[in-house]
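Taking it in order: structure first as structure tokens, then the write-up.
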Amino acid sequence: MRIGFYQFCPSFHNPELNLARIAAALGHIKADLIVLPEMCTTGYLFSSREELLRFAEPIPDGQSCRSMLELCRRMNMAVVFGLAERAGDRIYNSAVLVTGSGETGVYRKAHLFADEKDMFEPGNTPFPVFDVGGVKVGMLVCFDHFFPEAARALALRGAQIICHPANLVLDYAFMTSTCRTIENRVFWILADRTGSEKLTEREIRFVGRSQIVAPSGRLLYRAGADTEELPVVEIDPREALDKMVTPRNHLLSDRRTDLY
Ligand code: ACM
């Protein structure tokens, strides 16, 4: 299975341009599963919830999903991308899975970061796992990496690959997501963005350094802090089915749920 990510700097509040860039970049590669950053069609900062509501899109009928569905059908690949999702007058910070056969799956970010609490509803999708060509795939969004229960819930549901769209502003996820990978023995695709955004007095800089980690914790690829990159690596997803740390230690069944 060929998996990868597209690390780039989305254009601020310009979904048409971002969708065109994504289609152009992914239209030249051979891959089975590509992960894009959090909120990759709009950028991250909004001055108000009302402004964000104008950019948020329904799933699967919004322009971003339609564009990704067309791309995935044409390239016969699956894509996971971050999107401000509009559901009635609610907004979720969502990750969307789109497959080459036209299916969509949604995960809504459970752990909102900082001022996201003023913009989004907390997620209400209890860590679904989806089938991509016979491989079980789960999604988290950015700050979710701080909560080991989230990745564990996906592993307990059988996820072999965790797709992690992010807009990282802190320097922890390279370590925490590697720990989550080791403690669950899953593949992990962390897709971060680069660049910075400025809105009135607020400026934030994103830290890049997207990475792909194998169930053993081995780093398969790490991107630069400020480079546009679209790496694809070959993996055997069956590696994530082996939960034995030693011949006598199974990561999931050795848990002491009677003590926790
Ligand atoms: C984050 O959750 N976007 C830091």
Which numbered condition ALA153 fails, given (1) in a loop (DSSP other than H, G, I, E, B); (2) at pLDDT 95 or above: (1)
Failed item, numbered, when TYR107 is tested on (1) free of Cβ contacts under 8 Å to residues at least 40 places away in the same chain; (2) surrounded by 21 or more Cβ atoms within 10 Å (Cβ to Cβ); (3) away from the ligand (no atom under 16 Å from the Cβ); (4) not in a loop (DSSP other than H, G, I, E, B): (3)
Residue count for segment 189-206, restricted to those that are open to solvent by 10 Å² or more (accessible area, probe 1.4 Å), among the charged types (D, E, K, R) and in a loop (DSSP other than H, G, I, E, B): 1
Number of the condition not met by ILE182 [criteria: (1) of a type in the set (Val, Ile, Thr); (2) open to solvent by 10 Å² or more (accessible area, probe 1.4 Å); (3) within 15 Å of the chain's Cα centre (by Cα)]: (3)
Given (1) more than 16 Å from the ligand (Cβ to nearest atom); (2) open to solvent by 30 Å² or more (accessible area, probe 1.4 Å); (3) closer than 24 Å to GLU38 by Cβ; (4) not in a strand (DSSP E or B), number of the condition ARG209 does not satisfy: (1)
Within segment 151-176, considering residues that are more than 11 Å from the ligand (Cβ to nearest atom) and surrounded by 22 or more Cβ atoms within 10 Å (Cβ to Cβ), the one farthest from LYS117 (Cα to Cα): GLN160
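For every residue, the table says whether it meets (1) acidic (Asp, Glu); (2) touching a helix residue (DSSP H, G or I) at 6+ places or on another chain (Cβ under 6 Å); (3) surrounded by fewer than 20 Cβ atoms within 10 Å (Cβ to Cβ).
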position: LEU17; (1), (2), (3): no, no, yes
position: ILE29; (1), (2), (3): no, no, yes
position: GLU38; (1), (2), (3): yes, yes, no
position: GLU50; (1), (2), (3): yes, no, yes
position: TYR92; (1), (2), (3): no, no, no
Any hit, segment 39-55, residues being assigned to a strand (DSSP E or B) and touching a Phe, Trp or Tyr at 6+ places or on another chain (Cβ under 7 Å): no
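The values are calculated or read from the model by the stated rules, or taken from the named source; none is laboratory data. Since this is a predicted model, take the numbers as computed values, not measurements. Because the Cβ atoms are built from the backbone with ideal geometry, glycine has one as well, and the counts that use them run over all protein chains shown. The area values use the complete protein model at the heavy-atom level, side chains included, leaving out ligands, DNA and RNA. Shrake-Rupley method; radii C 1.70, N 1.55, O 1.52, S 1.80 Å.
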